[in-house]
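Below: the structure, in structure tokens.
The values are calculated or read from the model by the stated rules, or taken from the named source; none is laboratory data. Given the structure is predicted, the values throughout are model-derived calculations rather than measurements. Here Cβ is always computed from backbone atoms with ideal geometry, including for glycine, and neighbour counts include all displayed protein chains.
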Amino acid sequence: MVQGAWGVVPIYLTELTPPHARTILPSLFYQFGNLLASMNSTIQINIADHYHHNYGIALAAVASISAFCIISLVTFSIIKPNRTIRAYS
């Protein structure tokens with residue numbers, strides 16, 4: 001379920017990347033995602049502590065922020081609907 005929802009993001013980022021940088025930028029995005037994920041538990045614990053150990057609010061806040069970031073990326077991207085992506089050789 002999670003891979004079905006989040007698995008398209010690396011593909012989308014690869015398509016946004018210029019052809020001459022397609023080998024380094026997706027890898028850089030992937031490692032940046034790992035950096036953010038490593039801080040995830042600390043952020044959730046701090047949010048839960050603020051709301052009297054209510055981890056439901058913490059999980060909802062982190063998921064909402066992630067969804068907002070992805071929606072913003074898709075909305076303000078340079079790829080337009082019905083655009084054909086050419087294969088680069």
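General remarks:
- Top-ranked residue in region 42-77 [being among the hydroxyl-bearing types (Ser, Thr, Tyr) and at pLDDT 90 or above; ranked as farthest from residue 11 (Cα to Cα)]: 51
- Qualifying positions in region 7-61 - exposed (fewer than 14 other Cβ atoms within 10 Å of the Cβ), free of Cβ contacts under 8 Å to residues at least 12 places away in the same chain and among the β-branched types (Val, Ile, Thr): 8, 11, 23, 24, 42
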